[in-house]
Amino acid sequence: MGEFLHTIDNKGRLIIPAKFRDLLGNKSFITKGMEDCLFLYPENGWLDFVEKLKQLPVSQTRAREFTRLFFSSAAECEFDKQGRILVPANLRERAFLEKDVVVVGVMDRIEVWDSLKWREYSTNAAQNYEDDAESLAAMGLMI
């Protein structure tokens, strides 16, 4: 949980907050996320999600498209001594990451956003917060 403002250096390295490093452990995986962010998973969360994706029927076009994009952009991450990961150039480009980023904790994953895109997204999402809560209640999740 939480959000932290950080920067990506000119080599593509990003400091992950200590709180999140503890969650991620020694090995993690980064890939294309939704709404132009990146998803960063701890190894066990990654393996769980991979198992779910294996259940998708390969005969369905949307399932093939999703899994191809998800896995083709994925990379394994390890922390250096300063608590940084290397964000591959292709992922930095997909998420429009240049320098200032926001690292956000979301349940079983971490998201990495361009700081301006995060501000825009979170401002818009905040306007729908009550409506979203009402929709979740209709699905059986009471807040």
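The values are calculated or read from the model by the stated rules, or taken from the named source; none is laboratory data. Everything quoted here is computed from the prediction, not taken from an experiment. Because the Cβ atoms are built from the backbone with ideal geometry, glycine has one as well, and the counts that use them run over all protein chains shown.
Results, tabulated for the structure shown:
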quantity: Counted residues, the range 10-24 - those being in contact (Cβ under 8 Å) with a residue 12 or more places away in the chain and surrounded by fewer than 12 Cβ atoms within 10 Å (Cβ to Cβ); calculated: 2
quantity: Residue tally, condition buried (at least 17 other Cβ atoms within 10 Å of the Cβ) and either touching a helix residue (DSSP H, G or I) at 6+ places or on another chain (Cβ under 7 Å) or not charged (D, E, K, R) (or both), over the range 89-102; calculated: 5
quantity: Residues satisfying the stated conditions in the range 1-31, i.e. farther than 16 Å from M107 by Cα and outside any loop (DSSP other than H, G, I, E, B); calculated: L5, H6, T7, I8, R13, L14, I15, A18, T31
quantity: Subset tally (residues that are touching a strand residue (DSSP E or B) at 6+ places or on another chain (Cβ under 7 Å) and either in a strand (DSSP E or B) or more than 15 Å from K32 (Cα to Cα) (or both)) for the range 79-97; calculated: 6
quantity: Filter result (closer than 28 Å to N44 by Cα and out of contact with any Phe, Trp or Tyr (no Cβ under 8 Å at 6 or more places or on another chain)) within the range 98-111; calculated: V106, M107
quantity: Those residues of the range 103-133 which are in a helix (DSSP H, G or I) and either touching a residue at least 60 places away in the same chain (Cβ under 8 Å) or exposed (fewer than 11 other Cβ atoms within 10 Å of the Cβ) (or both), in sequence order; calculated: S115, K117, W118, Y121, T123, N124, A126, Q127, Y129, E130, D131
quantity: Answer residue from the range 32-75, given it is assigned to a loop (DSSP other than H, G, I, E, B) and of a type in the set (D, E, K, R) and is surrounded by the fewest Cβ atoms within 10 Å (Cβ to Cβ) among those; calculated: E35
quantity: Residues that are modelled with pLDDT under 95, touching a Ser or Thr at 6+ places or on another chain (Cβ under 7 Å) and of a type outside the set (S, T, Y), drawn from the range 44-75; calculated: L53, L56, F70
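Per-residue answers, yes or no, for (1) hydroxyl-bearing (S, T, Y); (2) in contact with a strand residue (DSSP E or B) (Cβ under 7 Å, 6 or more places away or on another chain); (3) closer than 20 Å to A95 by Cα:
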site: T7; (1), (2), (3): yes, yes, yes
site: I16; (1), (2), (3): no, yes, yes
site: L23; (1), (2), (3): no, yes, no
site: E35; (1), (2), (3): no, no, yes
site: L47; (1), (2), (3): no, no, no
